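The block underneath contains the structure these notes are about, expressed in structure tokens.
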Amino acid sequence: MKQIRPFLALTFFLGAVPLLHAQGSFDVALGFGTAHAKATGLGIDENTFNSCTPSSTDLTCKATPSMSGLLMGFSGDGMLNKHVGIGGEFNFQPSKGDYGPLEYRQIFYDFDGIYAPINEKRVQLRVLAGIGGTRSAFSYSQTACVGSAVCNTQTLPVGNSSHFQVHLGAGVQIYLTGHLFIRPQFDFHEVPGLTDQFGTNHVIGGTVWIGYNFGEM
């Protein structure tokens with residue numbers, strides 16, 4: 001159930017956004033970006049999964065990585081008037097990354113207030129601030145073979161870690177047509193407790209959103 005809560009929350013928001021059309025406008029968008037946090041400098045033993053310190057003499061201790069890689073996202077927002085609105089974003093790794101001997105997938109979701117100090121026909125400057133959560137899901141793949149004829153690979157969940165987060169963002173929404181837009185956006189996530197998985201609670205990233213605007217301001 002915990003795994004689908006972010007999807008349900010964002011789905012509820014996207015369903016509610018059209019109700020804002022009577023007073024303002026609303027957007028839906030698909031995004032591609034990245035997020036970065038440094039590594040802890042520690043490792044995981046590939047035999048016991050216990051914490052360890054990587055060294056040239058310990059060949060079973062695999063270093064854990066920094067956070068990086070491609071994120072894919074979905075967003076929706078509604079402007080209550082020309083300068084104020086609300087929005088939600090959901091970002092995830094479409095493919096798993098290596099985490100020592102494990103694999104992991106990172107998820108971010110947030111719900112934001114939006115302030116647009118500049119909102120013209122072809123360009124809009126947006127500042128976002130809100131709260132949400134992040135989730136790191138870990139798994140382990142192992143392969144078993146019967147002779148050399150048949151091999152089967154199984155992916156086993158190891159566990160996951162969820163954290164509260166504060167999100168800040170800034171982006172410039174540029175309209176390519178009357179409704180189609182592109183929005184490069186800078187993001188900062190403050191995630192208390194993320195040092196259990198990475199070397200900092202600060203996550204810096206960026207996303208390029210491609211979307212469609214419904215309605216007129």
Query - Filter result for the condition that a residue is assigned to a loop (DSSP other than H, G, I, E, B) and surrounded by 20 or more Cβ atoms within 10 Å (Cβ to Cβ), over Phe198, Phe181 - result: Phe198
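Run down Ser56, Ser75 and say which single residue is free of Cβ contacts under 8 Å to residues at least 60 places away in the same chain and not aromatic (Phe, Trp, Tyr).
Answer to the check: Ser56.
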Requested in this report: From (1) within 14 Å of the chain's Cα centre (by Cα); (2) under 17 Å from Leu194 (Cα atoms), pick out the condition that doesn't hold for Ser66.
Outcome: (1)
Report summary line: Within the range 25-56, the count of residues that are among the aromatic types (Phe, Trp, Tyr) and touching an Asp or Glu at 6+ places or on another chain (Cβ under 7 Å) comes to 1
Query - Candidate set from the range 14-62 (those that are in contact with a Leu (Cβ under 8 Å, 6 or more places away or on another chain) and of a type in the set (Ser, Thr, Tyr)); member that is modelled with the highest pLDDT - result: Thr34
Query raised in the report: Regarding Thr134, is this residue modelled with pLDDT of 90 or more, of a type outside the set (A, V, I, L, M), under 29 Å from Gly78 (Cα atoms) and out of contact with any strand residue (DSSP E or B) (no Cβ under 8 Å at 6 or more places or on another chain)?
Result: no
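The values are calculated or read from the model by the stated rules, or taken from the named source; none is laboratory data. Keep in mind that this is a model prediction, so the values were computed, not measured. Cβ atoms come from the backbone with ideal geometry, glycine included; neighbour counts cover every protein chain shown.
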